[in-house]
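See below for the structure under consideration.
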Amino acid sequence: MLVQILFIAVSVSMDAFAVSIGKGLTVKKLRVLDAFKTALWFGGFQALFPLLGYFAASTFSKYVTAVDYWIIFGLLALIGGNMVREAFEEDEENVKETADFDWKHMLPLAVACSIDAFAVGVSFAFMTLNIWLSVIIIGVTTGLFSAAGLYIGRVFGSRWQKPAQIAGGVVLILIGLKVLFEHLGFLG
């Protein structure tokens, strides 16, 4: 399960990674403080939103346990498919990106990148896992990817933005399929 959580953490961090690359494209000189702020904003919200989704779904889990694997598959496939679709639509969004790291610029980005993580948290409510360890792994992973994305954007440009987001989406879809196939008896 830990490996699966790591894959999910890397996958959901790809939106923040892609946005961080876009931000990295806008800065002339990248300060360590900017990378730290970015890691805190994105990592913090990516940890918070699955926790909120988990507790929201846990409240209603007793009503849907008979079809929980379909819910997990549906949510992860929807999130993954959406990430792949968005990867091809982000060029015009990146043009609007600014070099500012204040709360007015970072809060909307952090929330927007974390909405998918809420749905992942909903799927966590139907899995047997340690939610606290899971959200810590997601938050730290996203923070590291976000900080790295700033530097990659600054140094290499937008070349890695689309492939990272597409890969993240495909991994989420594959994890959803794995859960579905396990529950249907196709995988052991």
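The values are calculated or read from the model by the stated rules, or taken from the named source; none is laboratory data. Source: prediction; values computed, not measured. No Cβ is skipped: glycine too gets one built from the backbone with ideal geometry, and neighbour counts run over all protein chains shown. Note: areas computed on protein heavy atoms with side chains; ligands, DNA, RNA excluded. Shrake-Rupley method; radii C 1.70, N 1.55, O 1.52, S 1.80 Å.
In the context of the full set of protein chains, residues of the chain present 50 Å² of accessible surface per residue (probe radius 1.4 Å, heavy atoms only). Per-residue extension of 0.36 nm, minus the Cα-Cα distance of Phe186 and Leu107, leaves a gain of 24.2 nm for this segment. Counting Cα-Cα pairs of segment 1-52 in 10 Å increments starting at 0 gives whole-percent bin shares of 22, 47, 25, 6, 0.
For the chain, which whole percent of the accessible surface, found with a 1.4 angstrom probe, sits on carbon and sulfur atoms?
For the chain, the apolar C and S fraction of the accessible surface comes to 72 percent.
222 nm [θ] for the chain, helices only, -39500 (n - 2.57) per DSSP H run of 4+, per residue, to 500? So the helix-based figure for the chain works out to -29000 deg cm²/dmol.
With a 1.4 Å probe and all protein chains kept in place, how do Lys37, Lys29 rank by accessible area, largest first? Don't jump to the answer; show the numbers that get you there.
Values: Lys37 70, Lys29 165 Å².
Largest accessible area first, the list is Lys29, Lys37.
With the charge dipole of the chain set up from +1 on Lys and Arg Cβ and -1 on Asp and Glu Cβ about the Cα centre, the Cα lying farthest toward the positive end among the listed residues Phe60, Leu144, Cys113 is that of Leu144. How large is the translational diffusion coefficient of segment 16-157 in µm² per second when you combine the Kirkwood radius over alpha carbon pairs with Stokes-Einstein at 4 °C and 1.567 mPa s? Reported coefficient: 82 µm²/s.
Give, to the nearest whole percent, the P(r) tail of segment 130-188 beyond 17 angstrom, counting all Cα pairs.
Above the 17 Å cut-off, segment 130-188 has 60 percent of its Cα pairs.
Taken about its Cα centre, segment 4-94 carries a charge dipole of about 440 debye when Lys and Arg each add +1 at the Cβ and Asp and Glu each add -1 at the Cβ. For Phe49, the shell of other residues with beta-carbons less than 12 Å away shows a net charge of -2, using +1 for Lys and Arg and -1 for Asp and Glu.
Relative contact order, whole percent, for the chain stands at 52, derived from Cα pairs under 8 Å and 6 or more residues apart. Taking the average, over residues, of other Cβ atoms within 10 Å as the packing measure, peptides 116-125, 15-24, 143-152, 162-171 rank 15-24, 116-125, 143-152, 162-171 from highest down. With θ taken as phi - 60° and the Karplus curve 6.51 cos²θ - 1.76 cosθ + 1.60 applied, the whole-hertz 3J(HN,Hα) list for segment 102-108 is 7, 5, 5, 8, 7, 4, x Hz, x standing for glycine and proline. The accessible area of His105, taken with all protein chains in place and a 1.4 Å probe, comes to roughly 60 Å².
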